[in-house]
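Throughout, read-outs are computed from the coordinates displayed, never taken from laboratory work. Values in this document were obtained by computation on a predicted structure and should not be read as measured data. Cβ placement follows ideal geometry from the backbone for every residue including glycine, while neighbour counts extend to all protein chains displayed.
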Amino acid sequence: MLAESEITRVLTVTAHPDDVDFGAAGTVALFGDRGVEVTYLVVTDGDAGGNERELDNSGMAELRRAEQTAAAKAVGVTDVRFLGYADGSVVPSLELRRDIARVIRQVRPDLVITHHPDRNYQFIAPSHPDHRAVGGSALDAVYPDARNPYAFPELLTEEGLEAWTVREVWLTGGSTPDHWVDVTDAMDRKMTALQSHVSQVAHVEGFTDFVRSRFASWGERAGFGPGRYAEGFQVVQTA
Ligand SMILES: [Zn+2]
């Protein structure tokens, strides 16, 4: 596993606005505290979610992009990119792999954080089909596409993007996390990030308590002791 000092650039690849905040915003905030540069790549605009149904889908897309941008700011991230795929119908595809590989080559991260591509049978929410499609395509983009100069050759010949080898991937939402980050010092910022998604969470009664108790239970599972909060990942060596 990479040492902390070996991680200087991080790219997150998630399906919907708010996914990165549920899964990793505390970890992202702590990266920022150490001067690590973090870029968010969000595959859809989340235009099929939310309760503000007086908005049509394009109004919802615009709102959710703005909410994700505000949430990113709460944990110190200013580079937020959207691919604009349709919410609810993402499939693993060559097009998606190329679009993710392009951003990997642009950002040149040491670490990619993305969704676990396998179904979690303990808890259903992490296994939204868009999440599994994005996680699988992101792993394929890490290996082999981004590092192989002959994969999607137009990225090199037309856009000048050299091959890049990501060294490690952390997966969120899996059933067997093996790396826990103590995010207690960043929990307030994680909550601010989550609450930036007003269209998704403002109407959810007890949202703050629900989130805090979830991540506190992971803090105990991680062995950090009572009153500590944790985010969990499955680590994949990729280099
Ligand atoms: Zn999602």
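Observations, loosely collected:
- With an a/c value of 1.5 or above and a/b not larger than b/c for the gyration tensor axes a ≥ b ≥ c computed over the alpha-carbon atoms, the chain is described as oblate.
- Among the GluC sites (Glu not before Pro) in the range 134-198, those located in a DSSP loop and surrounded by at most 16 other Cβ atoms within 10 Å of their own Cβ are E158, E159, E162.
- Environment charge at R214 (Cβ cut-off 12 Å; Lys +1, Arg +1, Asp -1, Glu -1): 0
- If R0 equals 25 Å, the separation of the Cβ atoms of Y150 and V236 corresponds to a calculated FRET efficiency of about 0.60.
- For the chain, share of DSSP beta bridges that run antiparallel, in % to the nearest 5: 30
- Backbone N under 12 Å from the H179 label point (7 Å along Cα→Cβ), restricted to the range 1-23: 1-8, 10-11
- Simple label model, 7 Å out from Cα along Cβ direction - F123 to F210, nm: 1.2
- CD proxy at 222 nm, helix term only [per DSSP H run n ≥ 4: -39500 (n - 2.57); per residue of the chain; nearest 500]: -11500 deg cm²/dmol
- Here r is the Cβ-Cβ distance between E162 and V91 and R0 is 30 Å; the resulting FRET efficiency, rounded to 0.05, is 0.60.
- When the Cα positions of L161, V236, H179 are compared along the charge dipole of the range 142-239, H179 comes out farthest toward the positive end, with charges on each C-beta of Lys, Arg, Asp and Glu.
- Sites listed here are GluC sites (Glu not before Pro) in the range 17-126 whose DSSP assignment is loop and whose Cβ has at most 15 other Cβ atoms within 10 Å: E52, E54.
- Of the residues V42, I100, A222, the one whose Cα sits farthest toward the positive end of the charge dipole of the range 4-237, with +1 on the Cβ of Lys and Arg and -1 on the Cβ of Asp and Glu, is A222.
- Segment D56-S5, length gained on full extension (0.36 nm per residue, minus Cα span): 13.8 nm
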